[in-house]
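Following: one structure in structure tokens, then a few remarks.
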Amino acid sequence: MSLRTLWRRVRYGRAIAVVSGLPRSGTSMAMKMLEAGGMEIVTDGRRGADEDNPRGYYEDERVKNLANAPDKSWIRASRGRAVKVISFLLKDLPPNLNYRVILMRRDLTEVLASQRKMLDRRSETDDTPDERMMELWQDQLWRVNYLLRKAPQFEWIELDYRQTLRDPAAAAKRIAGLIEGLDEQAMAGVVDPALYRNRAADALSTPRPSSPTPAGRTDGRR
């Protein structure tokens, strides 16, 4: 542990566990792992489980207003707990706190396929070309990695979605190495490989349906 990290822990107190990543990248799975491991979760419960996320979303609507909210005191009140924050909004977390970030990564073709299916089920559309969407996501992930490497408020690990499903025990061990006091066995036990439904090979072979009417963005930009 660096002296800077030690000083920040003394100065700003307990860290907030943050699960982040692109949409459809396994963030809800990681939140469920933290919950099973014994960590209290910050969620408003407004978005219930559905066909796209049978185990629930673990979201809090206040996260969507991080960029513009004048009062972010609820973030400070979340010390010692876990909150899900989309990768685009990590930069808007207050810098005078400590964060332990689990960044979920997933093959972008799978992210795209999963996002398409979710929008289709909700009768929503997005006319952004697939290639452009992938470029936006790649750019966003580059920026997020740069932020996490450079900003002193973040300690972090990166977990691959597919590898977590293949070896949940290894993923749980890495999470426990970042966030102390969690039950590794319980975390690994809630990972369900049956929920891996949009695989890269299938995604590449599935044609995109026509989308005549644009809807809200799906790249996290607001």
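Numerical summary
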quantity: Size of electric dipole in the chain: Cβ of Lys, Arg +1 and of Asp, Glu -1, about Cα centre, debye, nearest 20; calculated: 860 debye
quantity: Nearest 10 degrees, 0 to 90: helix 3-12 Cα axis against the chain principal axis; calculated: 90 degrees
quantity: Cα-based shape type of region 42-200, given that a ≥ b ≥ c are square roots of the gyration tensor eigenvalues and the cut on a/c is 1.5; calculated: rounded
quantity: Efficiency of FRET from Cβ geometry, Ser73 and Arg166, R₀ 45 Å, rounded to 0.05; calculated: 0.65
quantity: Estimated FRET transfer efficiency when R0 is 45 angstrom, pair Asn65-Arg174 (beta carbons, to 0.05); calculated: 0.90
quantity: Within straight-line cross-link reach of Lys117, lysines at Cα separation under 26 Å, skipping those fewer than 8 residues along the same chain; calculated: Lys32, Lys64, Lys84
quantity: Spin-label model distance (nm) - Glu40 vs Val190, 7 Å beyond Cα toward Cβ; calculated: 1.6 nm
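Computed from the coordinates by the stated procedures, all read-outs in this text should not be read as laboratory data. Worth saying up front: this structure is predicted, and the values here are computed from it rather than measured. Counting neighbours? That spans all protein chains shown, and the Cβs are built from the backbone with ideal geometry, glycine included.
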